[in-house]
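Presented below is the structure to which this report refers.
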Amino acid sequence: MTDTNEPKKGEEIDFMSRPSMQKAVIQSKRKQTIKYVFIAVLTTIILLTIIFGGSQFILTKRIENQDSLYNSIHGANISDGGTTYNHNIFSITKETTYRKTIDDRSILWDKKTEKIPLFGKIDTLEKGSGKVEINTLNEDAKRYVHYNDFNNERKIDFYYPGLTYDYLPQELNTAVNLDNNMLIEVALSFKEPMTLSELAKKLGKENVNWLWVDTTTATQMERMERNLDKDSLKTKGGEGAFGFQFTPELPYSEENGQRFINILEELNKKGIHKSSIKGALEGIKENTQATKGKIRINGAVITGTAMELKRFQSLGFIRASVLGATIDKY
């Protein structure tokens, strides 16, 4: 008697149809699928980490090369008020506030939002004071008065020593007659450039906030005198002036002047604001030849109450004065 379940002679045995073998195949395929999924996920994570890490490294370098140093020597009586960053994979949104110090108070002066891409040009998305300045002639002041659109305060202007003007404002006289409960900013322009040691003997240190450094070459001065026929074109807007904060602890130290030059040279190496930095260094190199390397000061920003600013009225070396921002003392 033969077993009917046994295969006949010459007939192939079908192992694959057996339940145990099918189960083993399914388990093998599952493991293979899990392996492939794991490798794909791991590869994706590593790739994304490299992309994100690399982009953040480049963006961080771009932030480091931004203009915090530049702002410390550019913009009359204006300083950084703080910066926040919003990080994306391929860009960073940067929001910076700017402040002015008026006596012992600080006011918000401007706010700027920029988009810093991984590559390419940095785009200014928004600027509180406006990208375009609209100026109108002020009949009472007899000059073009500029206002900050962000807070509606007056902007300051400087008048170069040596240039010819139809009218030189003396707005310090207006400032000293304002309410004594008000803190006032005034920009002073000097008749002649002075070194820090010369200025120490004449200006004093009380109520001085910022010093305007002479960075203009003789050629630039001649060009302005010859080609510009309006006073408004020959003034230096405070926000475009080079200089540095006045420190009462070391009021007229030559170290401050050398630090100013060192910052310019560092910015020049980094290639930040190439044109303006290069021009400033050329002007300083030319202007310091006669002063044995000491920088020259063209003007200053002073702040305080009307009573405190009265002493500046008697200083004969002041050529022009422009009223700037004001704020209540209390």
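Please treat every number below as a calculation from the coordinates, not as lab data. Note that the coordinates shown come from a computational prediction; the quantities given were computed from them, not determined experimentally. Virtual Cβ from ideal backbone geometry, glycine too; neighbours counted across all protein chains shown.
For the stretch 152-167, just list the computed ³J(HN,Hα) in residue order, Karplus coefficients 6.51, -1.76 and 1.60, θ = phi - 60°, integers in Hz, with x standing in for Gly and Pro.
Going residue by residue, I get 6, 8, 6, 8, 9, 10, 10, 10, 5, x, x, 7, 8, 10, 6, 8 Hz, with x marking Gly and Pro.
Select from the stretch 166-220 those chymotrypsin sites (Phe, Trp or Tyr not before Pro) which occupy a DSSP coil region and have at most 11 other Cβ atoms within 10 Å, ordered by residue number.
Details: sites: Y167, F190, W210, W212; in loops: Y167.
For chymotrypsin sites (Phe, Trp or Tyr not before Pro) across the stretch 166-220 that sit outside H, G, I, E and B with at most 11 neighbouring Cβ atoms in 10 Å, the list reads Y167.
Using mean Cβ contacts within 10 Å as the protection proxy, how do 138-144, 107-113 order, highest first?
Values: 138-144: 13.3, 107-113: 17.6.
With the highest mean Cβ count within 10 Å placed first, the list reads 107-113, 138-144.
Give me the angle, in degrees from 0 to 90, between the Cα long axis of helix 19-64 and the longest principal axis of the Cα atoms of the chain, rounded to the nearest 10.
Helix 19-64 and the main axis of the chain meet at about 10 degrees.
If I histogram all Cα-Cα distances within the stretch 155-255 using bins 5 Å wide from 0, what percent of pairs lands in each bin?
Spelled out per bin, shortest first, that is 2, 10, 20, 22, 20, 15, 8, 3, 1.
So, by mean Cβ neighbours within 10 angstrom, what's the order for 26-34, 70-78, 218-226, 307-315 with the highest one leading?
Numbers: 26-34: 10.0, 70-78: 21.1, 218-226: 12.9, 307-315: 14.7.
By packing density, highest mean first, the sequence is 70-78, 307-315, 218-226, 26-34.
With only alpha-carbon atoms in the gyration tensor, what are the semi-axes of the equivalent ellipsoid for the stretch 133-328, in Å, largest first?
Details: eigenvalues 137, 87, 54 Å².
Semi-axis lengths for the stretch 133-328 are 26, 21, 16 Å.
Specify the angular offset, from 0 to 90 degrees and rounded to the nearest 10, of the alpha carbon long axis of helix 274-287 from the longest principal axis of the alpha carbons in the chain.
Approximately 30 degrees, to the nearest ten.
Determine the sum of side-chain charges near R259: Lys and Arg each +1, Asp and Glu each -1, restricted to other residues whose C-beta is under 15 angstrom from that of R259.
Numbers: positive: K294; negative: E249, E254, E255, E265, E266.
Taking every other residue near R259 into account, the sum is -4.
Does the stretch 78-126 come out rounded, prolate or oblate by the C-alpha gyration tensor, with a ≥ b ≥ c the root eigenvalues, rounded set by a/c under 1.5 and, if not, prolate when a/b is larger than b/c and oblate if not? Walk me through the numbers before you get to the answer.
Numbers: a/c = 4.08, a/b = 2.87, b/c = 1.42.
The shape class here is prolate.
Calculate the all-directions average of the projected area of the stretch 69-192's alpha-carbon convex hull, and give it in nm².
Details: hull surface 41.6 nm².
Mean shadow area of the hull around the Cα atoms is 10.4 nm².
Per residue of the stretch 190-197, in order, report the coupling 6.51 cos²θ - 1.76 cosθ + 1.60 (Karplus, θ = phi - 60°) as ³J(HN,Hα) in whole Hz, putting x for Gly and Pro.
8, 5, 9, x, 9, 6, 4, 5
Hey, what do the phi angles of the stretch 168-182 turn into as Karplus ³J(HN,Hα) couplings, whole Hz, using 6.51/-1.76/1.60 and θ = phi - 60°, x for Gly and Pro?
Those phi angles translate into 10, x, 10, 7, 4, 5, 6, 4, 6, 9, 6, 4, 6, 8, 10 Hz.
Add -39500 (n - 2.57) for each DSSP H run of 4 or more in the chain, then divide by its residues: what number comes out at 222 nm, to the nearest 500 deg cm²/dmol?
Numbers: 9 runs with 112 residues, N = 330.
Calculated from helices alone, the mean residue ellipticity at 222 nm is -10500 deg cm²/dmol.
On a 0 to 90 degree scale, rounded to 10, what angle separates helix 218-227 from the longest Cα axis of the chain?
The angle comes out near 80 degrees.
Could you check the spin-label model distance between N88 and L137? Points 7 Å from the Cα along Cα→Cβ, value in nm.
The modelled label-to-label distance comes out at 4.7 nm.
Based on the alpha-carbon set only, what is the convex hull volume of the chain divided per residue, in Å³?
Details: hull volume 79.0 nm³, N = 330.
Considering the Cα atoms of the chain, their hull volume per residue is 239 Å³.
So, counting K/R as plus one and D/E as minus one, what does the shell of residues with Cβ under 10 Å around R154 add up to? Mind dumping the intermediate values first?
Numbers: positive: K155; negative: E153, D157, E171, E185.
Charge balance in the 10 Å sphere: -3.
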